[in-house]
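**Q** Got a structure for you, written out below as structure tokens; questions coming shortly.
Quick note: the coordinates plus some simple rules give every number you see, no bench work behind them. Only a predicted model underlies this, so the values are computations on that prediction, with no experimental measurement involved. Cβ placement follows ideal geometry from the backbone for every residue including glycine, while neighbour counts extend to all protein chains displayed.
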Amino acid sequence: MNTRLTEYFGIEHPVLLAPMAMVSGGRLAAAVTAAGGLGLIGGGYGDADWLRREFDQAGTAKVGCGFITWSLANNPELLDQTLERTPAAIMLSFGDIRPFAERIRAAGVPLIAQAQNLDHARQALDAGADIVVAQGGEAGGHGMTVRSTFTLVPDVVDLAAARSPETLVLAAGGVADGRGLAAALALGADGVVVGTRLWASAEALVSPRAQQRAVQACGDDTVRTRVYDVVRQIDWPADYTVRALRSPFLDTWHDNDDGLSAALPEALATFQKAVAAEDFDAAPVIVGEAAGLVRDVRPAADIVRDMARDAARILGRA
Ligand SMILES: Cc1cc2nc3c(=O)[nH]c(=O)nc-3n(C[C@H](O)[C@H](O)[C@H](O)COP(=O)(O)O)c2cc1C
């Protein structure tokens, strides 16, 4: 299936692995690339040793890397470390990309910016992003509630067409099978960024027990929340929440940031114990509404190839 995205990266399928922090490791990124998509390592909040190891794991595979932008500002040397690995692309999400855009461009590396609303998309275009990802609120992980994939994607497609027609637009949030990919292309996107579905792959750095929780869940079981950022005392900008699977711990503290802050030493101890024990009644299962479309844990290659094959069939291009 040829789109501007497949031509841009010289790949077979218009599918990018989302750079899920500490989940999208080198093995998963390399597997997605080997299957004909493009893998992005999840640099997340930034850990130099982890990044070095995961790029080594990817071997000679063509992979990119993503960062949480506001966090990268506290650790800017990670960008230089990553650029030395000649990544296929750098993706920046959640924050002002301008302080980094020039260095990435000067290194000749494609810059991908994830946007949660039209204003973010405008800023990304102004900063010279080569690719803008329109992320709807159904997405797993961090994002915003304000917009949904189904309307944000065509909005951003039209914006890019008017202001910067050479900039590619990708859809993220809820794309988990061929239907989602076909829909994104029908909305004018050049491709998709897939998180939740590839989180439930054999190569993802995720506990199999967490994956089984997601397999048993449906889309109604997820919620956007601040609980995990408050308990971990991670200073996320106020507009962002994380979509995760509901659990007894989440239900106790959801929408009660002040109560959770007041109860912090005990709540943190409960949380840490649960993480160590892989007890997902309290440890987080970070997935999006697409959890309902995840019925099994499979090799990433099968997920990517089936998604592309089914989308091609739907779009009548088989
Ligand atoms: C477990 C998890 C971790 C994530 N971590 C990041 C991250 O570190 N940086 C980032 O840009 N996006 C992150 N995301 C969001 C993805 O980039 C993407 O927008 C999202 O997964 C797309 O929606 P989907 O989960 O429905 O496929 C994460 C998503 C998940 C599920």
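**Q** Based on this model, can you work out whether Ala89 counts as crowded, with 23+ Cβ neighbours inside 10 Å and over 15 Å from Met20 (Cβ atoms)?
**A** no
To keep it simple, each residue is scored yes or no on (1) outside any loop (DSSP other than H, G, I, E, B); (2) crowded, with 18+ Cβ neighbours inside 10 Å; (3) within 16 Å of the ligand (Cβ to nearest atom).
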| position | (1), (2), (3) |
| --- | --- |
| Glu266 | yes, no, no |
| Phe271 | yes, yes, no |
| Ala282 | no, yes, no |
| Ile303 | yes, yes, yes |
| Asp306 | yes, no, yes |
| Arg309 | yes, no, no |
| Ala312 | yes, no, no |
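**Q** Just one of the numbered conditions (1) over 20 Å from Phe271 (Cβ atoms); (2) in a helix (DSSP H, G or I); (3) among the small types (Gly, Ala, Ser) is not true of Ala210; which one?
**A** Failing condition for Ala210: (1).
**Q** Identify, from the list Leu17, Leu72, Leu5, the residue that is away from the ligand (no atom under 15 Å from the Cβ) and either within 19 Å of Ile104 (Cα to Cα) or crowded, with 21+ Cβ neighbours inside 10 Å (or both).
**A** Of the residues listed, the single one that is away from the ligand (no atom under 15 Å from the Cβ) and either within 19 Å of Ile104 (Cα to Cα) or crowded, with 21+ Cβ neighbours inside 10 Å (or both) is Leu5.
**Q** Hey, any hits in the range 180-193 for a residue that's within 26 Å of Ile314 (Cα to Cα) and surrounded by fewer than 19 Cβ atoms within 10 Å (Cβ to Cβ)?
**A** Within the range 180-193 (the criterion being within 26 Å of Ile314 (Cα to Cα) and surrounded by fewer than 19 Cβ atoms within 10 Å (Cβ to Cβ)), the answer is yes, since at least one residue qualifies.
**Q** Take the residues in the range 130-169 that are under 24 Å from Arg243 (Cβ atoms) and more than 13 Å from the ligand (Cβ to nearest atom); name whichever of them is surrounded by the fewest Cβ atoms within 10 Å (Cβ to Cβ).
**A** It comes out as Thr151.
**Q** Any residue in the range 187-197 that is within 19 Å of the chain's Cα centre (by Cα), more than 10 Å from the ligand (Cβ to nearest atom), in contact (Cβ under 8 Å) with a residue 24 or more places away in the chain and part of a helix (DSSP H, G or I)?
**A** no
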